[in-house]
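Presented below is the structure to which this report refers.
Each value in this text was obtained by applying a stated rule to the coordinates, not by laboratory testing. Since the model is a prediction, treat every value here as computed from it, not as a measurement. No Cβ is skipped: glycine too gets one built from the backbone with ideal geometry, and neighbour counts run over all protein chains shown.
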Amino acid sequence: AKRAGAGRFLFFTRDMEDELREKAVFKSRLKQAVEGGEIVPFYQPLVDLRSGRLIGMEVLARWRHPERGILAPAEFIAHAEHGGLITPLFKSLLRQACQDAISWPEGLKIAVNMSPRQLQDASLAGVVLDILSASGLSPLRLELEVTETGIVHDLGTAKRLLGLLREAGIRVALDDFGTGYASLRMVKELAVDRLKIDRSFVMALASAPESGRYVSAIIGLARALGLGTTAEGIEDATTMRRIAAMGCDLGQGYFFGRPRPLEELAPWLARAEL
Ligand code: C2E
Ligand code: CA
Ligand code: CA
Ligand code: CA
């Protein structure tokens, strides 16, 4: 029994070693991907629910992997966060999105995601402003989406960073609103401009009508605080109409369009030009 136990232990450690080695290989492959431009922006429409007009696009990271095809963020964002690659990835995407958006109809915004841990680095403000000025895109056309979380250790740094960005005219949205921690405190302390209602609330409307109360409550809260609202995860016309009737300003979801690469945006951009 002892031998079997020892054997099992050996087997287990070899497994863990393999896992660590695999992680290290993945990390260096991801680093190479970020540096080599394999992480690209896909764009998903943000639509004004009153007029039906396209007002901008959310930038969603995709890995164009030469062997494995297009990989979704779930496969690599957490690795980038833990491997110290999230800011290089953010910079690369922001640079690409600014270059793309500069030739879109004037006024269309880009909304770029930031990881919570990036809020702990006040030097990021300078990085963002440098990328904007190099591309020539007005800061008024950039919105940053930050996720509400309990793990903003240093609220002071986060406030300073967002304050610097806001002074330059960049807007800040609180993403996945309603799912995280300390939401109201974050809204207040970080002085965000917009709440993005998490898609779990929006998608529940179809199957559980009482979830409409939560959506209404969030919209009411945002209004009382003078903030904009975006509903994510709108997949059908009924949900779109209900959400619009509740007074939400912006909508996003498969009903309007799935995230697409730059090469496939022409039909959307043509409509925005009208
Ligand atoms: P998110 O910021 O909440 O982005 C919205 C996600 O919902 C996207 O998933 C989008 O494709 C998906 N979605 C949009 N409309 C619908 C809909 O109608 N129905 C359903 N079922 N889903 C919809 P995606 O692209 O897989 O991104 C997942 C998450 O990965 C994002 O959630 C965001 O948290 C993270 N992410 C993506 N790009 C970046 C990035 O550049 N940086 C960081 N830090 N995180 C990123
Ligand atoms: Ca987002
Ligand atoms: Ca979201
Ligand atoms: Ca999310």
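Counting other beta carbons within 10 Å of each residue's own, what order do Thr179, Thr230, Thr147, Thr13 fall into, fewest first? Walk me through the numbers before you get to the answer.
Working: Thr179 15, Thr230 28, Thr147 19, Thr13 10.
Result, fewest neighbours first: Thr13, Thr179, Thr147, Thr230.
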Among 249-256, 32-39, how do they line up from the highest to the lowest mean number of other beta-carbon atoms within 10 Å?
249-256, 32-39
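What does the C-alpha gyration tensor say about the overall shape of the range 128-274? Classify as rounded when a/c is under 1.5, otherwise prolate if a/b is larger than b/c, or oblate.
Numbers: a/c = 2.10, a/b = 1.12, b/c = 1.88.
Since a/c reaches 1.5 but b/c is at least a/b, the shape of the range 128-274 is classed as oblate.
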Report, ordered by chain and residue number, the lysines lying within cross-link reach of Lys91, taken as a straight Cα distance under 24 Å and ignoring same-chain residues fewer than 8 apart.
Lys23, Lys27, Lys31, Lys109, Lys159, Lys196
I want the antiparallel fraction of DSSP beta bridges within the chain, as a percent rounded to 5.
40
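Rounded to the nearest 500 deg cm²/dmol, what is the calculated helix-only ellipticity per residue at 222 nm for the chain, with -39500 (n - 2.57) per DSSP H run of length n ≥ 4?
On the way: 10 runs with 128 residues, N = 274.
Calculated mean residue ellipticity at 222 nm is -14500 deg cm²/dmol.
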